[in-house]
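Have a look at the structure below, then the notes.
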Amino acid sequence: MTIRAGHTVLVAVAVLFALAALGLVVGILILTRPARTSATAGVVLPDPRLTPGVASADVTPVNIASTICTTGYTSGARHDDGRSVRPPESYTENLKRQQIAQYGYADTRLSDYEEDHLIPLELGGDGYAAGNLWPEPYAGTGAVAKDDVENRLHDLVCDAKLDLRAAQHAIATNWYAAYRRFVLGIAT
């Protein structure tokens with residue numbers, strides 16, 4: 001009877017160790033999985049407290065024909081203050097470094113991010129406002145899909161099928177929802 005009781009104790013201890021090991025493995029998997037920053041896996045949206053989106057005072061619904069709907073607008077000079085519409089890389093690289101830290105990204109390699117305008121220049125976004133720029137990861141659904149929605153919204157605005165302010169609001173509020181609606185045709 002003692003051997004059988006000892007055997008039962010050994011089996012019980014072995015089972016407890018196995019369950020503890022399994023719990024440890026599951027815990028590690030949970031703690032090391034990539035963080036989700038939106039409801040859709042692989043989509044990163046900017047933090048609205050850090051990057052709410054800022055429109056340029058230079059572009060209005062009245063003057064889009066002479067600003068954003070004119071070929072070459074983003075490589076020209078702004079009308080309001082004479083600076084170039086597109087800021088120099090030295091400006092955006094320094095801002096990208098600062099914002100990667102502000103966003104708390106674990107990956108700090110600058111080459112893994114596009115310093116992106118939330119309201120794009122071709123929709124009248126302010127090129128210099130820190131509140132309109134954010135370090136958008138290239139990984140996952142990001143820079144390429146966002147470029148697609150930027151181009152689509154630009155076409156709709158310049159073809160007078162969508163109001164400028166509505167397009168700016170849609171992309172600044174949730175660029176991925178705008179992508180699903182205007183590029184993929186999925187109602188939200």
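In what sequence, highest mean first, do 166-178, 92-104 appear when ranked by Cβ atoms within 10 angstrom?
Result, highest mean first: 166-178, 92-104.
Quick check for you: which residues of the range 52-69 have the amide N under 12 Å from the point 7 Å beyond the Cα of His79 toward its beta carbon?
Taking a point 7 Å out along Cα→Cβ of His79, the residues of the range 52-69 whose backbone N falls under 12 Å are 57-69.
Run the quick spin-label model on Arg165 and Val62: label points 7 Å from Cα toward the beta carbon, then report their separation in nm to one decimal.
1.3 nm
Two-decimal Rg/Rh of the range 42-188 from alpha-carbon positions, Kirkwood Rh?
0.95
All of the numbers you see were taken from the coordinates with simple rules; none came from a lab. A quick note: this is a predicted structure, and the numbers were derived from the prediction, not measured. Note that we place each Cβ from the backbone using ideal geometry, even for glycine, and neighbour counts take in every protein chain shown.
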